[in-house]
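The values are calculated or read from the model by the stated rules, or taken from the named source; none is laboratory data. None of the values given here were measured: they were computed from a predicted structure. Using ideal geometry, Cβ is built from the backbone for each residue, glycine included, and neighbour counts are taken over all protein chains shown. The accessibility values were calculated without ligands, DNA or RNA, using every heavy atom of the protein model including side chains. Shrake-Rupley method; radii C 1.70, N 1.55, O 1.52, S 1.80 Å.
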Amino acid sequence: MAKLTFNEERCKGCGLCVNACPKELLTLSRTRLNQKGHTPVEMTRAEECSGCASCATMCPDCVIRVER
């Protein structure tokens, strides 16, 4: 199982990683904002992540770190 970590303070809530995930495991938070007022990305079902890193590759701000 892969481990994803998010630097939420750098996330601007663009949603590119959400669209890039082939298993649809990412979503933008509906309940939290970071210090800049953006909705950060969240993992919905971490146990299903294969660690493909499509999300990290797509992120323009290098917010996501994938560890396998």
Checklist entry - Using +1 on the beta carbon of Lys and Arg, -1 on that of Asp and Glu, and nothing else charged, what's the dipole of the chain about the Cα centre, debye to 20? => result 100
Checklist outcome for this item: Probe 1.4 Å, all chains present, heavy atoms only: Lys23 accessible area in Å², nearest 10, is 100
Checklist outcome for this item: Taking only protein heavy atoms and a 1.4 Å probe, the highest-to-lowest accessible-area order of Met1, Met43, Met58 is Met1, Met58, Met43
Checklist entry - Of Asn34, Ser50, Val18, whose Cα points farthest to the positive end of the dipole of the chain (charges on the beta-carbon: +1 Lys, Arg; -1 Asp, Glu; origin at the Cα centre)? => result Asn34
Checklist entry - Carbon and sulfur: what percent of the chain's accessible surface (1.4 Å probe)? => result 48
Checklist outcome for this item: For Val63, the accessible surface traced by a 1.4 Å probe with all protein chains present amounts, in square angstrom to the nearest 10, to 10
Item to check | Heavy atoms of Leu28 accessible to a 1.4 Å probe, total area in Å² rounded to 10 | outcome: 50
Next on the checklist: Could you report the chain's accessible area per residue, 1.4 Å probe, as an integer in Å²?
Outcome noted: 66
